[in-house]
1. Are any of the residues in segment 196-208 surrounded by 14 or more Cβ atoms within 10 Å (Cβ to Cβ), of a type outside the set (Gly, Ala, Ser), modelled with pLDDT under 90 and touching a Lys or Arg at 6+ places or on another chain (Cβ under 9 Å)?
2. Exactly one condition in (1) closer than 16 Å to Gly229 by Cα; (2) at pLDDT below 95 is not met by Ala118; state its number.
3. Which one of Arg106, Arg131, Arg79, Arg117 is surrounded by fewer than 18 Cβ atoms within 10 Å (Cβ to Cβ), touching a helix residue (DSSP H, G or I) at 6+ places or on another chain (Cβ under 9 Å) and on the phi < 0 side of the Ramachandran plot?
4. Only one residue in Gly143, Gly135 is closer than 25 Å to Arg236 by Cβ, touching a Phe, Trp or Tyr at 6+ places or on another chain (Cβ under 8 Å) and not hydroxyl-bearing (Ser, Thr, Tyr), so which one is that?
5. Return the residues of segment 56-76 that are surrounded by fewer than 20 Cβ atoms within 10 Å (Cβ to Cβ), in a helix (DSSP H, G or I) and aliphatic (A, V, I, L, M); say none if nothing qualifies.
6. Does segment 180-194 include one or more residues that are within 30 Å of Ile77 (Cβ to Cβ) and either at pLDDT 95 or above or open to solvent by less than 60 Å² (accessible area, probe 1.4 Å) (or both)?
7. Within the bounds of segment 123-141, is there any residue that is under 27 Å from Arg223 (Cβ atoms) and touching a residue at least 60 places away in the same chain (Cβ under 8 Å)?
8. Look through Thr149, Thr125, Thr103 and report the one residue that is touching an Asp or Glu at 6+ places or on another chain (Cβ under 7 Å) and either assigned to a loop (DSSP other than H, G, I, E, B) or more than 20 Å from Glu36 (Cα to Cα) (or both).
Amino acid sequence: MPADPRDPRDPRDPRQRRAARKKPITVDRITDAALEVVATEGYDALTIRRVAAVLGTGPSSLYAHIVNKDDIDDLLIGRLYAEVVLPEPDPAAWREQLLGVYTQIRDLYLKYPGVSRAALAMVPTSLETLRVGEGILAILLAGGIEPRTAGWARDALSLYVSAYALEQSLVRQQHRHRDRHQDREWVLSHEELLARFTALPADKFPQTRAHAAELISGTGPDRFEFALGLLMNNLRPASG
């Protein structure tokens, strides 16, 4: 029997066929699209309108699932934290465990340029983000750290990791810009920075000149572990 031309569900209508093929907007698809934007264009390009464009829809379609850009940030960090593996807290190895967890977080941030900015000043609601926060707190408490100190330490460690990843993302962005435009002033190499420090006036910068090599030594991961160690090694068990 031929379809009734008055039937709005007429399968011969190309608009109906396109609508049938169109996937529904879900939280997971919004998160996928947001990660795609950050991975290909950087965090600065992330807007509700840009995410909607990737999904092939209008911004209003997203508001059934999110309220604003902050919600997208929460979804992004939650998706990344879902990959973090938490150890069973060990009182004898709590510093090593913290370093391991935060190294995972650092590496996840570095996969998506600038995404750690989403974690700064964010009040998490994602269960995965809260799961990781709970795990970090449990490790600190297992190490005998007093609860308030553990909470403040978790905030300080997390802030450093976010800032470290953001700085690395900015440096990589500058390198890409220099490569495109052959502008060597954007990013100094190790040798160029050493030459600048050692060329400073000796009467005004004696320490910088004398210790220039030490000041710029070490890799990013070396400095990452050093900074976390500074914070963790100043934490003392409550009974200590």
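1. No, that holds for no residue.
2. (1)
3. So the residue among Arg106, Arg131, Arg79, Arg117 that is surrounded by fewer than 18 Cβ atoms within 10 Å (Cβ to Cβ), touching a helix residue (DSSP H, G or I) at 6+ places or on another chain (Cβ under 9 Å) and on the phi < 0 side of the Ramachandran plot is Arg131.
4. Gly143
5. Ala64
6. Within segment 180-194, one or more residues are within 30 Å of Ile77 (Cβ to Cβ) and either at pLDDT 95 or above or open to solvent by less than 60 Å² (accessible area, probe 1.4 Å) (or both).
7. Among the residues of segment 123-141, at least one is under 27 Å from Arg223 (Cβ atoms) and touching a residue at least 60 places away in the same chain (Cβ under 8 Å), which makes the answer yes.
8. Thr125
The values are calculated or read from the model by the stated rules, or taken from the named source; none is laboratory data. Owing to the predicted nature of the structure, the values given are computational and were not obtained by experimental measurement. Here Cβ is always computed from backbone atoms with ideal geometry, including for glycine, and neighbour counts include all displayed protein chains. Ligands, DNA and RNA are excluded from the accessible area calculation, which covers all protein heavy atoms including side chains. Shrake-Rupley method; radii C 1.70, N 1.55, O 1.52, S 1.80 Å.
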